[in-house]
Every structure is written in C-alpha cells, then in structure tokens.
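> Just passing along the structure, written as structure tokens.
The values are calculated or read from the model by the stated rules, or taken from the named source; none is laboratory data. Computed from a prediction, not measured in an experiment: that's the story for all the values here. Cβ placement follows ideal geometry from the backbone for every residue including glycine, while neighbour counts extend to all protein chains displayed. Heavy atoms of the whole protein, side chains included, go into the accessibility calculation; ligands, DNA and RNA do not. Shrake-Rupley method; radii C 1.70, N 1.55, O 1.52, S 1.80 Å.
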Amino acid sequence: MKISGQEPAPPPPGGVLWTVAGDVRALLMLPAALTLQVARPAVGAGVDQHSVFRTDPWGRGERSLRSVQLWVYGGEAGAEEGRRLRQLHRTIQGTDALGRPYHALDPAHYSWVHATGFPCYQHALRYLFRPLTEAQERRLYAEWLQVGRILGINDRDMPQTVEEFWPYFRKMLADEVEATVVVRELIATDSPVPAPDRGPLPVRLVLRALWPLLLPPLARFRAFLTVGYLPPDAREALGLEWSEAQERRLRRFSRVVRTLVPLLPERLRYLPLAREARARHRNEVAGGNRERSQ
C-alpha cells in the first residue's frame with residue numbers, strides 16, 4: 001500500500017496493530033478506550049453536546065469502527081479519513097460542565113482521544129491475546145504514533161517513547177480525568193438503547209420484538225467488559241469498583257475467547273477491511289515472489 005506525496009504511512013503489515021486491530025477480539029477492547037476518552041471533561045462535554053451516540057448508537061458505532069479500521073488497513077483511504085475527521089471536528093466547541101471553553105481540535109484534547117487507545121490495547125491484549133513483550137510494546141507504541149500522524153496529530157503533542165508515555169498517562173489520571181456524565185452513561189446498565197437497526201430485516205424485526213428482554217443482560221455484559229478491560233489505574237482514577245470475583249469472571253471469559261477465536265476461519269475472525277487488506281497483502285507478496293523467481 002503506497003501513500004502518495006507526503007502523506008503519513010499506515011502501520012506496516014505484520015506489525016502489532018496489523019495483527020490485532022482487525023481481529024474480532026478488538027471489538028471487546030473498544031468500549032474501554034471510548035470510555036477513557038470521554039473521561040477528560042472537555043472530550044466528555046464535546047461528546048455529550050455534539051454526538052449522536054444516544055439517538056443513533058449503532059450508526060455511530062459502525063462509523064467509528066470503520067474509521068479505526070481505515071487508519072490501520074486503508075492505505076491512502078486512511079489518510080483521507082484522517083483529513084475527514086479533522087474537518088468534522090472543526091466546528092465542535094463549547095463549554096464543559098464547569099464553564100471552561102473547549103475546542104475538539106485543541107491539541108491537548110485531540111491527542112488525548114488518540115492516546116487512550118494505547119494503554120487500553122496494552123492492557124486488554126494480556127487477556128484476549130497474550131501479554132506483549134517489551135519489544136512488542138515499543139513497536140505498538142511506535143505504530144500508535146504513526147496512526148496519530150494520519151489523524152493530524154503533531155509529534156510535539158504526543159509523548160514520543162513508551163518511557164515518556166507512562167508518566168504522561170499517570171499525570172492525566174491524577175489531574176484530569178473524572179467520571180463525566182458520558183462515562184457514567186457508558187457503564188450504566190439502565191440507559192435506554194434502541195434496538196439494532198442494521199442487518200437483514202428479519203433479524204432486525206426479531207431483535208426489536210425481543211429487545212425489552214435482551215437489553216438488560218446485554219447492558220450488564222457491556223458494562224462488565226468496559227470496566228474490566230480498563231487499565232486498573234484508570235479504573236481507580238474514575239472511582240469504578242472492581243472485585244476479585246469480577247476479575248476471575250473476566251479471566252475465565254477471556255480465556256474462552258482467547259482459545260476459540262484463533263480456531264475460526266478467516267472470514268469470521270477478521271473484520272471486513274482487515275480481511276481485504278490481508279488478502280491484498282498476500283497477493284502482493286505472492287506476486288513479488290513470482291517476479292523474483294523468474
């Protein structure tokens with residue numbers, strides 16, 4: 001995948017992000033990262049005042065997931081998606097709960113939204129894949145910085161090494177984050193959520209009919225995974241309770257997922273954009289091998 005001109009390059013095939021971001025297990029990690037993003041008051045206020053996550057949660061989730069996939073697997077489309085997101089956020093501004101002005105593209109806020117993904121990935125991978133080695137953690141962070149450049153984040157606005165990141169993260173947890181209105185909604189088990197409006201019509205009709213029965217256990221499960229896959233120090237900073245019994249349940253669930261997902265065929269294990277990128281890369285490698293053998 002070539003990037004023309006001076007566009008930032010996407011994470012490379014074979015890297016940590018290429019391996020995990022398109023795996024279906026990544027879907028279990030995203031709620032924790034999204035929750036940590038909105039724990040910064042300015043970000044939480046922006047989502048509270050400008051997002052459609054309450055009225056169109058399924059559409060917003062689908063668009064957010066596609067965006068993340070494009071950054072990693074989209075090539076030139078990833079750079080275009082980065083430009084689209086910056087344009088989208090230009091008009092998002094207001095005041096937070098304490099009356100402080102914010103703008104979505106303020107470098108401190110914009111970089112925090114991106115930065116939260118790294119500690120959430122690093123933590124959840126221990127449960128759903130395997131713990132990262134020191135070299136893999138460094139590689140993941142370097143790839144995270146690459147994605148940040150696609151999003152238009154300047155290097156000066158992000159810690160440039162893992163050693164610099166963790167003090168920054170701990171300071172943010174100590175001084176900035178809080179259980180904002182949106183954080184509380186994302187982990188609530190009684191928030192109203194409309195029935196899914198995506199997929200085949202017969203499935204949507206069945207879900208709509210059963211939704212009053214399905215929503216309560218699904219909401220509890222979502223909250224359980226969201227809090228469970230948050231890094232423990234982030235959980236503590238937000239005042240979220242987590243018991244030893246819950247930790248044991250999370251480890252049992254994660255062990256089942258970690259065992260079963262690798263057994264799935266590729267069409268079920270990987271999300272669509274990841275599947276397409278993996279197939280394209282295999283074809284490119286095979287074509288290059290044929291040329292060298294001639």
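> If one computes P(r) from the Cα atoms of the chain, what percent of pairs lie at distances over 32 Å?
That tail contains 27 percent of the Cα-Cα pairs.
> How far apart, in nm, are two points set 7 Å out from the Cα along the Cα-to-Cβ line at R280 and at L213?
Using points 7 Å along Cα→Cβ, the separation is 4.4 nm.
> I would also like to ask the following. Keeping every protein chain present and rolling a 1.4 Å probe, give me the accessible area per residue for the chain in Å².
Spelled out: the 1.4 Å probe surface of the chain, per residue, equals 54 Å².
> Applying 1/(1 + (r/R0)^6) with R0 = 41 Å to the Cβ-Cβ distance of E236 and R84, what FRET efficiency is obtained, to the nearest 0.05?
Once the sixth-power term is evaluated, E becomes 0.70.
> Considering amide H positions built from the backbone, and no H for Pro or chain starts, which residues 5 or more places from G94, or on another chain, come under 5 Å of its amide H?
Y102
> Is the range 182-272 rounded, prolate or oblate when judged by the Cα gyration tensor, a ≥ b ≥ c being the square roots of its eigenvalues, rounded requiring a/c under 1.5 and prolate requiring a/b larger than b/c?
It comes out oblate by the Cα gyration axes.
> Length gain on complete extension for the stretch Q160 to V257, per 0.36 nm per residue less the alpha carbon to alpha carbon distance?
Value of the extension gain: 31.6 nm.
> Rounded to the nearest 10 Å², what accessible area does R282 show when all protein chains are kept and the probe is 1.4 Å?
For R282, solvent-accessible area is about 120 Å².
> A follow-up question, please. Would you kindly calculate the translational diffusion coefficient of the range 108-259, applying Stokes-Einstein with the Kirkwood radius from alpha carbon pairs, for 37 °C and a viscosity of 0.692 mPa s, and quote it in µm² s⁻¹ without decimals?
Translational D for this selection: 184 µm²/s.
> Among G82, G61, G22, which one shows the highest mean-square fluctuation when the chain is modelled as a Gaussian network with alpha-carbon springs under 10 Å?
Checking each option, the largest mean-square fluctuation is seen for G61.
> I've got another one for you. Hey, any idea what % of the chain's accessible area is carbon plus sulfur with a 1.4 Å probe?
57
> Next question, about the same structure. For D175, D23, give me the order by solvent-accessible area with a 1.4 Å probe, most accessible first, ignoring ligands, DNA and RNA.
Putting D175, D23 in descending order of accessible area: D175, D23.
> Let me ask another. Among the complete DSSP H segments of the chain, which ones combine at least 30 Å of alpha-carbon extent along their axis with a mean Kyte-Doolittle hydropathy of 0.0 or more?
Span-like helices here: 201-228.
> How large is Rg over Rh for the range 1-92, taking Rg from the Cα atoms and Rh as the Kirkwood inverse mean of 1/r across Cα pairs?
That ratio equals 0.99.
> Gaussian network model of the chain, Cα springs within a sub-10 Å range: biggest mean-square fluctuation belongs to which of I92, I187, I153?
Taking springs between Cα atoms under 10 Å, the residue moving most is I92.
> Build a GNM of the chain with springs between Cα atoms under 10 Å: which of V206, V16, V38 gets the top mean-square fluctuation?
V206
> Output ³J(HN,Hα) for the range 93-106: one whole-Hz value per residue in order, computed from phi by the Karplus curve 6.51 cos²θ - 1.76 cosθ + 1.60 with θ = phi - 60°, and x for Gly and Pro.
My calculation for the range 93-106 gives 7, x, 10, 7, 4, 9, x, 7, x, 9, 9, 4, 9, 4 Hz in order.
> Assuming a viscosity of 1.567 mPa s and a temperature of 4 °C, what translational diffusion coefficient in µm² per second does Stokes-Einstein assign to the range 152-214, Rh being the Kirkwood radius over Cα pairs?
81
> Given only helices, namely DSSP H runs of n ≥ 4 each adding -39500 (n - 2.57), what is the per-residue ellipticity at 222 nm of the chain, to the nearest 500 deg cm²/dmol?
It comes out at -21000 deg cm²/dmol, rounded to the nearest 500.
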